[in-house]
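Notes for the one structure printed next.
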Amino acid sequence: MRKKTAIEMAKCLDDISSGIEMIGNFKDNKYVVSKVEKMFKENLAKLDSEMDDIGKEQVEALKEAIKSVDTTETNRLISEIKTFISKNIVYKVVFMPYKAAMWDSLESIWMAADKDERCEALVVPITYYELDDKRNPIKKVNERDLFPEYVNTVNDEEYDLENDLPDIIYIHNPYDNTNLVTRVDSRYYSWNLKKYCEKLVYIPYYKWVDGVSATNFRPGMYHADYAVQNSEDAVARYIDSADEYARILGTEVMEVKESLKRRVINLGSPEVDKVMSLSEENTLLPEAWKGKILKYKVNVLYNTTLTEVIRARSLEKVKETLNFFKDKKDKAFVIWRPHPLMRQTLISMLPNLLKEYDELMEEFCNEDYGIIDTNASMYYSIFWTDMCYGCNISSLTELYKYTGKIVLQDFPEMAKITSNISKGDLLNKLKNTNVVKEPECSLADVVNVISNNIELKIGKKLNLENSGEKINNYMIDIIKKI
């Protein structure tokens, strides 16, 4: 039964306990006895309606004890039934993702909740809008059909949130009405969702990068009861940013700091769980990639972020990188994964680059030295490539480290890189660590070393605790105490 039902049943049992005591004290008062017997009947009927077969047996035994006015047996059965109810509470846990490509930030928590007998898990992909450069909605979108087939999703227009009143809601969009590129329907703003659940939990859709990621204010993070992070560095830096939050909110710094201390917690990353779970069985090679991902080549995931293009206000580095793969197609093959919102971001923020970007994309697609990764999931690219080339501010680049395969961190400010490390030293470095950086190491030299030392293609996964299970257990324990 749901927690709210369990609370109602516990009240029924408390009323019966009080009633049996009243009958003992006023057994000669027909009026009191009549009122109490009516109360017994109503409360026992409520208990009957909510109990399963085992529970109904206990309720029948309780009825007999009440008839006998056996206070000791009645109270014993009441205690037994309360224990039974407590053990049979099912907590409603609702996941409200908006982008299918970002489902990985919630998936392992959903998996943990879905197999947890204490939970009834529901996935409700929510509607959002694409915006033009004036922040006006131009397209209504719901990506329910893009979620994995094994995830049973519910149409958000049919889900009755206001009456269902879930115990926990998980979100991965913290922007509410502040996003410049996309915006969720106002019904799903964090302060609205908070009205209809016991606990609202925000899980970032990106992997925090220690010493690099920014602590920008996000309303959903602040309105949520808990904002789960995946690093002690993240927790510390968010708490240290209390003055910025206080200025935006118009609140005292100490009040905001204490609030952040309560709600910002490090419980790990579901996205790392996803990387750790990848295999040929659950990450099948996409049909369009067959015959193109070849073992004798160095297959490179080229990860292009929004931030590096926005900062550069140019596509020169992207062009230079693609030209390298075009020239070295006998040795390397590129899977290019521009950020899923790249084109929409250019429309909204850098419309002068849109024509150039479209031409670059068309030219690339007409060549044979690489593939555009348009999959909602980035994990096909992560699994089927031998190395990753991308900016260190990107959570995709950060997540790739957990494969144990080589990561070359891009230096976006320089379009052309020449290594300042010898190939021998580079080989030794790659054998000792899977992460190297530009401008010390160039893409050309890293690809060349891997090509001549194929053992570098094999990554070693780490043995880490499952964050989804950790988060689910933590939140259920919190709800149980309320």
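If you filter segment 312-407 for trypsin sites (Lys or Arg not before Pro), then keep DSSP loop positions with at most 11 other Cβ within 10 Å, what is left? Listed in order of number, the matching sites are 313.
Checking (1) 62, 50, 35; (2) 67, 57, 47; (3) 101, 47, 41 against the coordinates, the calculated Cα extents along the principal axes in Å falls under label (3). Considering only the Cα atoms of segment 392-447, their convex hull presents on average a projected area of 3.8 nm².
What's the longest bit of the chain with no exposed chymotrypsin sites (Phe, Trp or Tyr not before Pro), using DSSP loop states and at most 10 other Cβ atoms within 10 Å as the test? Don't skip to the end; give the middle numbers.
Numbers: sites that count: 150, 296.
Looking at the chain, 297-482 is the longest stretch - no exposed chymotrypsin sites (Phe, Trp or Tyr not before Pro) with at most 10 other Cβ atoms within 10 Å.
How much FRET efficiency would the formula 1/(1 + (r/R0)^6) give for residue 474 and residue 35, where r is the Cβ-Cβ distance and R0 is 51 Å, rounded to 0.05? Don't skip to the answer; put the middle values down first.
Numbers: r = 45 Å, r/R0 = 0.89.
For residue 474 and residue 35, the calculated efficiency is 0.65.
A simple rule links phi to the HN-Hα coupling: the Karplus curve 6.51 cos²θ - 1.76 cosθ + 1.60 with θ = phi - 60°, which for segment 146-161 gives 8, 6, x, 4, 6, 9, 7, 9, 10, 5, 5, 6, 9, 7, 8, 4 Hz, with x for Gly and Pro. Computing Rg and the Kirkwood Rh from the Cα coordinates of segment 47-114 gives a ratio, Rg/Rh, of 1.33. Close amide-amide hydrogen proximity is noted between residue 98 and 126, 172, each under 5 Å apart and 5 or more residues distant or on a separate chain (H modeled in the peptide plane; Pro and chain starts excluded).
Taken about its Cα centre, segment 189-254 carries a charge dipole of roughly 360 debye when the Cβ of each Lys and Arg holds +1 and the Cβ of each Asp and Glu holds -1.
For segment 246-395, report the convex hull volume of the alpha-carbon atoms normalised per residue, in Å³, without decimals.
Numbers: hull volume 22.2 nm³, N = 150.
Looking at segment 246-395, the number lands at 148 Å³ per residue.
The ellipsoid equivalent to the alpha-carbon distribution of segment 92-226 has semi-axes of 22, 18, 16 angstrom, derived from the gyration tensor eigenvalues as √(5λ) and listed largest first. Rounded to two decimals, the Cα-based Rg/Rh of segment 352-474, with Kirkwood Rh, is 1.02. Among the GluC sites (Glu not before Pro) within segment 101-186, those in coil by DSSP and having at most 15 neighbouring Cβ atoms inside 10 Å are 117, 149, 157, 158.
Using unit Cβ charges (K, R positive; D, E negative) and no other charged atoms, how large, in debye to the nearest 20, is the dipole of the chain about its Cα centre?
Values: 67 positive and 79 negative charges, 143 e Å.
Its charge dipole is roughly 680 debye.
Separation of segment 162-177 from segment 208-231 is 17 Å, based on Cα centroids. Amide H to amide H distances under 5 Å link residue 120 with 91, 92, 93, where only residues 5 or more positions off or on other chains count and H is placed in the peptide plane.
Loop-located GluC sites (Glu not before Pro) in segment 311-402 (DSSP state other than H, G, I, E, B) with a sparse environment of at most 16 neighbouring Cβ atoms within 10 Å: 367. Remark: spin-label model distance residue 210-residue 5 equals 4.6 nm, labels positioned 7 Å along the Cα→Cβ axis. A straight line joining the Cα centroids of segment 99-147 and segment 371-420 runs 25 Å.
Scaled against the 2.2 N^0.38 Å expected of a compact globular protein of N residues, the Cα radius of gyration of segment 196-288 reads 1.33. For segment 158-213, the spread of Cα positions along the three principal axes, ordered from largest to smallest, is 43, 24, 18 Å.
Read-outs: derived from the displayed coordinates by stated rules, not from any lab. These numbers come from a predicted model, not from an experiment. All Cβ positions, glycine included, derive from the backbone under ideal geometry; neighbour counts span all protein chains shown.
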